[in-house]
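The values are calculated or read from the model by the stated rules, or taken from the named source; none is laboratory data. Model, not experiment: these values are computed from the prediction. FYI the Cβ positions are ideal-geometry reconstructions off the backbone, even for glycines, and counts take in every protein chain you see.
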Amino acid sequence: MELLEKLKVSDGMGAWITDFQKSDAPQFKGKSEKERRDMAIAAYLSAKRGGKPQEEGSVPFKGPYKKTTKPMSFKQARATVKKLAQKGMK
């Protein structure tokens, strides 16, 4: 199967949303405009970062935080959030 058109990142997010909302492709059957919009945004961002499509629900975390060896307890997380909030208010 060959595609007649292919969206590019340079087309902009609006073009992706419009294309997804007007499409009659089977994967969009029964989807609302909001669902199609969300799918278009996800596809656009995936193409923009040049990555492979990911499984639904899996989002890699690429942040400035250090990886910890063990998960933080609720009490520790709460204390950390409180400290960060206090630093931001000074």
What are the residue pairs meeting all of these: first residue in the range 16-37, first residue among the polar types (S, T, N, Q) and part of a loop (DSSP other than H, G, I, E, B), second residue surrounded by 14 or more Cβ atoms within 10 Å (Cβ to Cβ) and modelled with pLDDT of 90 or more, Cβ atoms under 7 Å, and 6 or more apart or on different chains? none
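How many residues, within the range 17-50, are basic (Lys, Arg) and surrounded by 14 or more Cβ atoms within 10 Å (Cβ to Cβ)?
3
Scan the range 3-22 and give yes if some residue there is at pLDDT below 85 and of a type in the set (Lys, Arg), otherwise no.
At the first step, the residues of the range 3-22 found to be at pLDDT below 85 are 3-7.
In the following step, the residues that additionally are of a type in the set (Lys, Arg) were identified as 6.
Yes: one or more hits.
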Modelled with pLDDT under 90 and out of contact with any Leu (no Cβ under 9 Å at 6 or more places or on another chain), is that true of Ser32? no
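So for the range 58-72 (the condition being part of a helix (DSSP H, G or I) and at pLDDT 70 or above), does at least one residue qualify? Outline the logic, then answer.
The initial filter retains those residues of the range 58-72 that are part of a helix (DSSP H, G or I), namely none.
Scanning the range 58-72, I find no residue that is part of a helix (DSSP H, G or I) and at pLDDT 70 or above, so the answer is no.
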